[in-house]
Each structure stands twice: as structure tokens, then as C-alpha cells.
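The values are calculated or read from the model by the stated rules, or taken from the named source; none is laboratory data. These numbers were taken from a predicted model, which means no experiment stands behind them. Neighbour counts run over all protein chains shown; Cβ positions are idealised from the backbone, glycine included.
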Amino acid sequence: MPDNVPNLMNIDDQDSISKEYYETTLQLLGEKLKTIDKVNNYLIIHENDKLCKEYHALKKELDHREKQLFKTKEQVDQIENIRKVSGDNSTNIQKNLIKEREELKRIRHEINDKKSRVKKIQKLIRKLDKNDYDLQNDKHVLYNGMRKLIEHWLLQIQNELNQEINVERQIKLQDDIEKAKEKLALIVADINDMYLSYNKRKKNRMLTDFDYENFCEYSTFTECLLRYDTSSKNDNNNAMVAF
């Protein structure tokens with residue numbers, strides 16, 4: 001759980017909380033979320049985008065080299081067939097054959113180097129995926145804390161309103177209720193947006209052992225992300241892994 005975040009797990013056991021506690025704690029949780037988005041989330045998004053771009057550049061080069069390899073193999077086969085059929089084993093034929101075989105060797109070496117780099121990218125993306133996973137757990141904890149706090153505050157001031165006889169106080173409480181409901185609606189909307197955004201990025205990342213085609217889409221990832229639903233049992237996992 002992020003440092004210095006109030007433990008709200010037992011807030012429902014409290015009979016009442018002060019408005020100062022409510023506002024201060026809500027502000028603290030919001031500041032923690034901003035810190036995550038500004039620092040950690042930016043680094044993950046930036047690295048994810050960089051790796052995707054590098055992958056697609058490699059994929060383009062690999063496709064080109066594979067075509068070169070096919071053509072060069074055809075040329076080698078053609079020269080060997082000419083030599084076999086005609087019996088021509090002249091110096092010129094030998095030179096051409098050596099030249100094409102060297103080219104074949106060079107292309108294969110380049111292909112192997114690029115495939116090796118792709119494997120390294122896969123390892124990096126899995127590390128990034130783990131960091132992203134931990135980051136979303138932190139955001140899940142923070143957003144759940146905000147939601148729990150607002151729901152508790154809403155219930156409390158609604159009960160106060162039900163018992164209040166002073167008209168001015170009733171108006172003030174009703175205003176507080178509307179403001180809290182608006183905040184809660186915004187938080188729920190943010191959580192839903194982050195579910196969708198994280199799932200999109202997760203889907204777009206390469207997660208198979210060695211699958212060029214499904215690595216990631218060529219796009220810039222700029223969303224704030226979330227993985228867990230509210231029933232997740234991992235609320236208290238350690239997170240905030242510095243990338």
C-alpha cells in the first residue's frame with residue numbers, strides 16, 4: 001500500500017467522522033493518485049511506447065530480411081542447378097556461388113540478431129507488465145479508499161439530515177450530500193475508464209512466448225490504467241515499484 005495513506009479498512013466501524021477528517025483524508029488520497037500518475041505511470045507509458053515502436057521497426061526489418069533471404073536462396077539454388085545441369089564449374093560460377101552464399105550467411109546472421117533483440121524486448125515488456133500490475137494495485141487501493149470514505153460520509157450526513165430540524169442546517173447538509181454524490185460519481189467513472197484503459201494496454205502488449213504478430217499495436221499509450229475490480233483480494237499487496 002502507498003506510504004502515508006490512512007487505513008480506511010475499518011472506517012465502517014466508526015460511528016462518525018469529522019468533516020475535517022473527511023476533507024483532509026480525501027485530499028491526501030487524491031494527492032497520492034496524482035503522484036502515481038505524474039511519475040510512475042508516465043515512466044511505464046513512455047517505456048511501453050518506446051518498446052512498441054522498437055518492436056515494429058524490428059518487425060519491418062525482419063520482414064524485409066526474410067524476403068531477401070528467400071530471393072538469395074533462390075539465386076543460390078539457381079546457380080547450383082546451372083552448374084549441375086551444364087557441368088560448368090568455371091571460376092565465374094564459383095565466384096558467384098561464393099558471393100551468394102556469403103550474402104545468405106550475412107542475411108541469416110542479421111535475422112538472428114534481430115530475433116535475439118525481440119526476445120530481449122519480450123523480457124523488458126514482461127518486467128514492465130509486472131510494474132504496471134503493481135502500479136494498478138496502488139491505484140486500486142487509493143480509489144477504493146476514496147470511495148469507502150465518501151460512502152461513509154454520505155451515510156453519516158444523510159442520517160444527520162433525517163434528524164435535523166433546523167432549515168438552514170438542512171439546506172447545508174443537502175448541499176454537502178449533493179457534492180459528495182458528485183465526487184463519488186466521478187470516482188466511479190474514473191475507475192471504469194481505467195479498467196478499460198488498462199485492459200486495452202494489457203491486450204496490446206505481447207504476452208505470448210514468441211509471437212511477432214500480437215506484440216502490441218502501434219500507438220501512443222496515454223491513459224491512466226487500472227487492473228483490479230473491487231472484489232480483488234490483493235488490496236494490501238506491496239506496490240509502487242520504481243521502474
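When GLU47, GLU61, GLU66 are screened for being in a helix (DSSP H, G or I) and within 22 Å of LEU128 (Cβ to Cβ), only GLU47 passes.
Taken together, the residues in segment 66-121 that are of a type in the set (Lys, Arg), farther than 27 Å from CYS52 by Cα and under 43 Å from the mean Cα position of the chain (by Cα) amount to 3. Every test in (1) at pLDDT 70 or above; (2) closer than 30 Å to ARG126 by Cβ is passed by TYR212 save one, and that test is (1).
Residues in segment 12-51 that are free of Cβ contacts under 8 Å to residues at least 60 places away in the same chain and among the aliphatic types (A, V, I, L, M) were compared, and the one that is farthest from MET146 (Cα to Cα) is VAL39. Of all residues in segment 161-182, those that are touching a helix residue (DSSP H, G or I) at 6+ places or on another chain (Cβ under 6 Å), charged (D, E, K, R) and assigned to a helix (DSSP H, G or I) total 1. Which members of segment 187-201 meet the condition of being without any contact (Cβ under 8 Å) to a residue 40 or more places away in the chain and either among the polar types (S, T, N, Q) or closer than 18 Å to LEU155 by Cα (or both)? Selection gives ASN192, SER197, ASN199.
Return yes when ILE121 is within 28 Å of GLU47 (Cα to Cα), part of a helix (DSSP H, G or I), modelled with pLDDT under 95 and hydrophobic (A, V, I, L, M, F, W, C) and no when it is not. Taking the combined requirement at face value, the residue satisfies it. Residues in segment 132-156 that are of a type in the set (D, E, K, R), closer than 15 Å to LEU33 by Cβ and more than 18 Å from the chain's Cα centre (by Cα): 2 in all. Among the residues that make up segment 130-148, is at least one of them farther than 23 Å from SER18 by Cβ and loosely packed, with under 15 Cβ neighbours inside 10 Å? Yes, segment 130-148 contains a residue that is farther than 23 Å from SER18 by Cβ and loosely packed, with under 15 Cβ neighbours inside 10 Å. Looking at segment 59-72, can you tell me whether even one residue there is in contact (Cβ under 8 Å) with a residue 40 or more places away in the chain and basic (Lys, Arg)? Yes; the residues of segment 59-72 include at least one that is in contact (Cβ under 8 Å) with a residue 40 or more places away in the chain and basic (Lys, Arg). The set of residues in segment 72-99 being modelled with pLDDT under 85 and crowded, with 16+ Cβ neighbours inside 10 Å consists of ARG83 alone.
Each row is one residue, and each column tells you yes or no for (1) surrounded by fewer than 17 Cβ atoms within 10 Å (Cβ to Cβ); (2) closer than 30 Å to LYS32 by Cβ; (3) in contact with a Ser or Thr (Cβ under 8 Å, 6 or more places away or on another chain); (4) of a type outside the set (D, E, K, R).
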site: ARG101; (1), (2), (3), (4): yes, no, no, no
site: GLN158; (1), (2), (3), (4): yes, yes, no, yes
site: GLN163; (1), (2), (3), (4): yes, no, no, yes
site: ASP175; (1), (2), (3), (4): yes, yes, no, no
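The set of residues in segment 98-149 being in contact (Cβ under 8 Å) with a residue 24 or more places away in the chain and of a type in the set (Asp, Glu) consists of GLU100, GLU103, GLU110, ASP129, ASP132, ASP134, ASP138.
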